[in-house]
Amino acid sequence: MALFFRGIISLLIVVLIIVAVLFVDFAYKTFSLRQRDVTTDAIVVLAGGRGRVEEGVRLFRERKGTYLYLIGVDPVVKKRDLFRDREGERLADRVFLENLSRNTLENALYGREIIMRKEVRSIRLITSRYHMKRATLLFRQVLPRDIAIYPHPVDTTNLKERWWDDKGSFRLLFSEFYKYCLFRFFFLFASAELRIPAR
């Protein structure tokens with residue numbers, strides 16, 4: 001019996017070490033993500049986090065994307081609340097809101113519906129840095145493989161670069177790591193059903 005319990009304890013230690021290594025790798029890659037100076041067919045913003053919509057609008061006005069998709073917008077918010085043409089602009093007819101989704105998976109699924117209405121071959125995906133790896137995973141799984149995705153992380157005050165030294169940042173990162181791992185496991189079985197074919 002003692003040998004059995006020692007085996008269980010040894011197994012738990014090995015599992016904890018593996019989880020710790022994967023978590024540190026997740027955190028490192030989260031902070032390694034860099035914004036790229038690219039022009040894409042669409043700028044896709046996952047609304048809900050501070051600074052995301054503002055960044056998307058700024059890039060759209062700079063002509064970094066042909067279309068601007070604001071995903072997960074509160075149903076009471078109208079397009080004119082988030083974007084209005086300035087004098088001499090004619091951009092508002094290329095701005096689209098999605099207001100049905102309430103979580104990241106729904107963001108990807110409902111977002112796909114409006115993205116696929118246009119000839120979109122590349123998107124710049126904007127969300128908070130801590131949320132980027134999970135969001136990219138979900139959009140990569142539901143969109144056709146021939147659509148290029150360029151992550152564009154937005155930094156927020158609730159995630160510190162010295163995350164190991166800040167309880168709030170640690171909890172936030174570990175929560176994202178946990179959700180990311182769950183979806184990675186989920187897509188081992190469900191990705192083929194969720195993704196639509198390349199055009």
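Only the coordinates and a few stated rules stand behind these numbers; no lab work does. Here the structure is a predicted model, which means the values were calculated and not measured. Cβ sites come from the backbone with ideal geometry, for glycine too, and all protein chains shown count toward neighbours.
For the reader, a short list of remarks on this structure follows.
- Of His131, His152, the sequence from fewest to most neighbouring Cβ atoms within 10 angstrom is His131, His152.
- A Förster radius of 30 Å, combined with the Cβ-Cβ distance separating Tyr178 from Glu54, puts the computed FRET efficiency at roughly 0.55.
- Both numbers refer to the Cα atoms of segment 2-194; Rg and Dmax are 19.2, 79 Å.
- Pairs of lysine residues in the chain - Cα separation under 19 Å, sequence separation of 8 or more or cross-chain: 8
- For segment 2-194, share of DSSP beta bridges that run antiparallel, in % to the nearest 5: 0
- Label sites at Asp165 and Ser32, each approximated as a point 7 angstrom past Cα along Cα to Cβ, lie 2.2 nm apart.
- In degrees, nearest ten, helix 2-32 long axis to first principal axis of the chain (Cα): 30
- Ellipticity estimate at 222 nm from DSSP helix runs (n ≥ 4, -39,500 (n - 2.57)) divided over the chain, nearest 500: -16000 deg cm²/dmol
- A Förster radius of 30 Å combined with the Cβ-Cβ distance from Glu89 to Leu109 puts the calculated FRET efficiency at roughly 0.45.
- In order along segment 41-49, the Karplus-derived 3J(HN,Hα) couplings, from 6.51 cos²θ - 1.76 cosθ + 1.60 at θ = phi - 60°, round to 5, 9, 10, 10, 10, 8, 5, x, x Hz, and Gly and Pro are given as x.
- Each Cα pair under 8 Å and six or more residues apart adds its sequence gap; the mean of these over the residue count of segment 1-155 is a relative contact order of 26 percent.
- Beyond 18 Å, the tail of the calculated P(r) for segment 82-199 holds 60 percent of the Cα pairs.
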